[in-house]
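Working notes, beginning with the structure itself.
The values are calculated or read from the model by the stated rules, or taken from the named source; none is laboratory data. Bear in mind that the values here come from a model prediction, so they are computed numbers and not experimental data. Positions of Cβ are backbone-derived with ideal geometry, glycine not excepted, and every protein chain shown enters the neighbour counts.
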Amino acid sequence: MLRAHAAYLLLDLKVAFREKLAVMLIVALPAAMYLFFGMMFGEARYGAHSATYYDEYTPSFAALVLLNIALMNIGPTLVIYKELGLFRRLLVTPLDMSAIGIATVVRATLIYLIGYVSMILVGWLLFGRLPSGSILQGILALVVCCFGMFSMGYLLGAIFRSTATAFSAAIFIFQPMLLLSGASIPLDQLPVWVGYVSQLIPMTHVVELQRLAWRNELFTAQALGGTVFLVVFGIACAFAARVMLRRTSI
């Protein structure tokens, strides 16, 4: 069984990284936005902490890489596999559906690491700085954020049968996630009611946890609400995706 899981993982990685341009675009867009806004607002200060652009938006645009992966890679890739009939073949083999989830997480994590390194490189070239936060807090925040975002992408891929529909849904979801999460526009510059709506958006909590970990404040009461939200959201998405994937793959 372990050999079968490894074989499927290798197949998934080969298919995913065969389209090098697609992978590059997923990680290049957040880095390009980070560079563009950094050149314009690099000297500004943000929030009650009077944080610099580097400290406030390096983790924010790293979170945007996660969003891109969830919506533009995980979901559509699963739908492509369904269109090719791959999952119908897997359903009649001893290979458990968990192999799909494991391979998806490994592939998405590798793509994220490429995006994160590119973000750090841009930050170093633009501001001459490198992250100084706790590695442990960064890893823990990343695990929680990945669980929430990747589960959402998994659910997106499980629901739809058409690649075109999956991409359309991803683009539709991407817009409010980007604009209302604080990843691009500071929430304190938006109407008060937008702040309440943003708390219902998982990306808001991803951005917040990433920023807290960046400031070494993950182990505070501020992080509790976002952590609980993302864990519950991730569990719900993963459970629903597992059920839906079997139904839509037949």
Starting from residues that are not in a helix (DSSP H, G or I) and not charged (D, E, K, R), keep the ones in the range 1-50 and report whichever is nearest to residue 105 (Cα to Cα). 1
Of the residues in the range 102-151, how many are within 26 Å of residue 12 (Cα to Cα) and in contact with a strand residue (DSSP E or B) (Cβ under 9 Å, 6 or more places away or on another chain)? 0
Quick check on the range 35-58: of everything there that is of a type in the set (S, T, N, Q) and surrounded by 13 or more Cβ atoms within 10 Å (Cβ to Cβ), which residue is nearest to the chain's Cα centre (by Cα)? 58
Given the residues 226, 234, 153, 182, which is the only one that is assigned to a loop (DSSP other than H, G, I, E, B) and crowded, with 21+ Cβ neighbours inside 10 Å? 182
Criterion: hydroxyl-bearing (Ser, Thr, Tyr) and either farther than 30 Å from residue 243 by Cα or at pLDDT 90 or above (or both) - qualifying residue of 163, 204: 204
